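**Student:** Quick one: this structure, given as structure tokens, is what I'll be asking you about.
The values are calculated or read from the model by the stated rules, or taken from the named source; none is laboratory data. Computed from a prediction, not measured in an experiment: that's the story for all the values here. Here the Cβ is made from the backbone with ideal geometry for all residues, glycine too, and neighbour counts use every protein chain on show.
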Amino acid sequence: MYEKSEDASNALIKGALPEIIERQKCYTPQDKSMTSLYLMVFFRDGIIDWILSSERRYDFICAQTHPYSSTYTEYEKVKKIIWKAVPCDVSVNGNPPGTWFEDNAINACVACGDGSALRILNWRSDDGS
């Protein structure tokens, strides 16, 4: 969706640019009563609530990453920024929601609220790990 918007904006600018350069373009002030406003997305909006299911957390991570900042969580007093994750079929072994555990030597998983887990594919810790 973002790329389509970007392409449309580029086409609009390219079409109007010659007239703007030649000062032939007439401008009409925008009617402020016709505008629509959307709330800005802030970094704090990306905090993950692990109480919900892995499917809901997956949707949230997808919605909060590119072109937006990212999602994040804190585990053992370390902030972890997450860009990509997928639901997975591993046992959380009774771990409470938000607990990070190893699925294997490559992947980390996080326990979610319904007993499901989310495999973290792309992330970074603030402590550099």
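Matching residues to (1) touching a Ser or Thr at 6+ places or on another chain (Cβ under 9 Å); (2) surrounded by 13 or more Cβ atoms within 10 Å (Cβ to Cβ):
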position: Asp31; (1), (2): no, no
position: Phe42; (1), (2): yes, no
position: Ile61; (1), (2): yes, yes
position: Thr65; (1), (2): yes, yes
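**Student:** State yes or no: is Ala117 among the small types (Gly, Ala, Ser), crowded, with 17+ Cβ neighbours inside 10 Å, in contact with a Cys (Cβ under 9 Å, 6 or more places away or on another chain) and in contact (Cβ under 8 Å) with a residue 24 or more places away in the chain?
**Tutor:** Yes; evaluated as a whole, the condition is true for this residue.
**Student:** Something else about it: So in segment 44-59, with the set limited to residues that are touching a residue at least 12 places away in the same chain (Cβ under 8 Å) and part of a loop (DSSP other than H, G, I, E, B), which one is surrounded by the most Cβ atoms within 10 Å (Cβ to Cβ)?
**Tutor:** Ile48
**Student:** Please indicate, with yes or no, whether at least one residue in segment 95-113 is at pLDDT below 80 and under 22 Å from Ser5 (Cβ atoms).
**Tutor:** no
**Student:** Residue under question is Tyr72, and the condition is that it be of a type in the set (Phe, Trp, Tyr), within 23 Å of Asp127 (Cβ to Cβ) and either in a helix (DSSP H, G or I) or touching a Lys or Arg at 6+ places or on another chain (Cβ under 9 Å) (or both); does it hold?
**Tutor:** Yes: the conditions hold for Tyr72.
**Student:** Now for a separate question. If Gly46 meets every condition in (1) under 30 Å from Ser5 (Cα atoms); (2) modelled with pLDDT of 90 or more; (3) in contact with a helix residue (DSSP H, G or I) (Cβ under 9 Å, 6 or more places away or on another chain) apart from one, which number is that one?
**Tutor:** Gly46 satisfies all of (1) under 30 Å from Ser5 (Cα atoms); (2) modelled with pLDDT of 90 or more; (3) in contact with a helix residue (DSSP H, G or I) (Cβ under 9 Å, 6 or more places away or on another chain) except (2).
**Student:** Filter segment 87-107 for residues that are in a strand (DSSP E or B) and farther than 19 Å from Ile51 by Cβ and give the result.
**Tutor:** Of everything in segment 87-107, just one residue is in a strand (DSSP E or B) and farther than 19 Å from Ile51 by Cβ, namely Glu102.
**Student:** Looking at (1) out of contact with any strand residue (DSSP E or B) (no Cβ under 6 Å at 6 or more places or on another chain); (2) surrounded by fewer than 16 Cβ atoms within 10 Å (Cβ to Cβ); (3) aromatic (Phe, Trp, Tyr), which is the one condition that is false for Tyr75?
**Tutor:** Going through the list (1) out of contact with any strand residue (DSSP E or B) (no Cβ under 6 Å at 6 or more places or on another chain); (2) surrounded by fewer than 16 Cβ atoms within 10 Å (Cβ to Cβ); (3) aromatic (Phe, Trp, Tyr), Tyr75 breaks only (1).
**Student:** Out of the residues in segment 16-43 that are small (Gly, Ala, Ser) and modelled with pLDDT under 85, state the one that is nearest to Tyr68 (Cα to Cα).
**Tutor:** Ser36
**Student:** Checking the condition among the β-branched types (Val, Ile, Thr), touching a residue at least 12 places away in the same chain (Cβ under 8 Å) and either closer than 22 Å to Glu6 by Cβ or in contact with a helix residue (DSSP H, G or I) (Cβ under 6 Å, 6 or more places away or on another chain) (or both), which residue from Val86, Val41 passes?
**Tutor:** Val41
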